[in-house]
Amino acid sequence: MAFRFFLFAALLLVFANASRAQQGYTENDLREALEFLQPQRPSLDPLCREFGLDPDAVLAVVAPELIRYSLLKDFFETTALELAYVRYGPGKADFSIGRFQMKPSFAEQLERQLDSLPGIAPQLRQRLAYEEPEGPSRRRARVERLQHSEWQLRYALAYFCVAELRFTELSCEPIEKKLQFFSSAYNYGFTRSVKEINNWAAVEAFPYGRKYQGPQTAYADLALLFYRRLKAVPKTDDCD
């Protein structure tokens, strides 16, 4: 009986690795990510209603990062980087934090966009405002925010609002096309040009990066898959 159990476990591992070898992730990776996302909805959905956003789209943009986090979390040790960032800023230390792998530099860019972009709702600025002045104390507060998934989802929502205003040429596009572009911009850098972001959308470099030689997937394609899976999940009355 024990031999059969270990043989079954070994076969499961082989099939899982074969799936990851084909596309860089497994069905189990998707399932675990979706299981993590569902409990986040009660805090995110009211904010999405307030700002007129589709919560499934907001979640889908950042959802692929859950797979990268799951694969690489045992290698993360950011304490020294956090201290360097707080003291010197992103020019000296920039690193991914938390389940959605957000960098302090991303949060800084987003905060600047909230302050400068015409059309940003004042209440959105207020939700991400700091009590701390510019400098180390604010950078410390930013790192502390990014260590919590609820705060990261606030940044994800703010990113979607900023993307809507930065890329107005997509305003009439179908939601799935817009989602793929926004997710590529999130992954590659939303301050890059439209041409650069469109070129990146087809690059299969997730989750390990461009230097990895094995099969991977395009971040935009995985975000779209998450969006469709999230849409297929039955919603309660609180999440309509």
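Read-outs: derived from the displayed coordinates by stated rules, not from any lab. Please read these numbers as outputs of a predicted model, since none were measured by experiment. Don't worry about glycine lacking a Cβ; one is built from the backbone with ideal geometry, like all the others, and counts go over all protein chains shown.
Between LEU72 and LYS211, what is the spin-label point distance in nm, taking each point 7 Å from the Cα along the Cα→C-beta axis?
1.1 nm
Charges on Cβ only, +1 for Lys and Arg, -1 for Asp and Glu, centred on the Cα centroid of segment 53-234; of LEU128, ALA93, PHE206, which one is farthest towards the dipole's positive end?
ALA93
What length, rounded to one decimal in nm, is gained on full extension from GLU176 through to SER105, with 0.36 nm per residue of separation minus their alpha-carbon distance?
Values: separation 71, 0.36 × 71 = 25.56 nm, distance 2.73 nm.
That works out to 22.8 nm of additional length.
At most 16 other C-beta atoms within 10 Å and a DSSP loop state: those are the exposed GluC sites (Glu not before Pro) I care about. Give me the longest piece of the chain that has none.
Working: sites that count: GLU77, GLU131, GLU134.
The longest uninterrupted stretch comes out as 135-240.
Setting aside same-chain residues fewer than 8 positions from LYS103, which lysines have a Cα under 21 Å from its Cα?
Reachable lysines: LYS73, LYS92, LYS211.
Would you calculate a helix-derived [θ] at 222 nm for the chain, using -39,500 (n - 2.57) for each DSSP H run of n ≥ 4 and dividing by the full residue count, to the nearest 500?
Estimated from H runs of four or more residues: -20000 deg cm²/dmol.
Could you give me the ³J(HN,Hα) list for segment 171-183, computed from phi with Karplus coefficients 6.51, -1.76, 1.60 and θ = phi - 60°, whole Hz, x at Gly and Pro?
The phi angles translate into 4, 9, 6, x, 4, 5, 5, 4, 4, 4, 5, 4, 5 Hz.
Cross-link partners among aspartates and glutamates for LYS231, C-alpha distance below 16 Å, same-chain residues fewer than 8 apart left out?
Excluding near neighbours in sequence, the set is GLU35, ASP45, ASP54, ASP56, GLU176, ASP221, ASP240.
Is segment 53-234 best put as rounded, prolate or oblate by its Cα gyration tensor, with a ≥ b ≥ c the root eigenvalues, rounded for a/c under 1.5, and otherwise prolate when a/b is larger than b/c, oblate when not?
The shape class here is oblate.
Given a Förster distance of 30 Å, report the FRET efficiency between THR168 and ARG127 from their Cβ-Cβ distance, rounded to the nearest 0.05. Please list the in-between numbers first.
Values: r = 23 Å, r/R0 = 0.76.
For R0 = 30 Å, the calculated efficiency reads 0.85.
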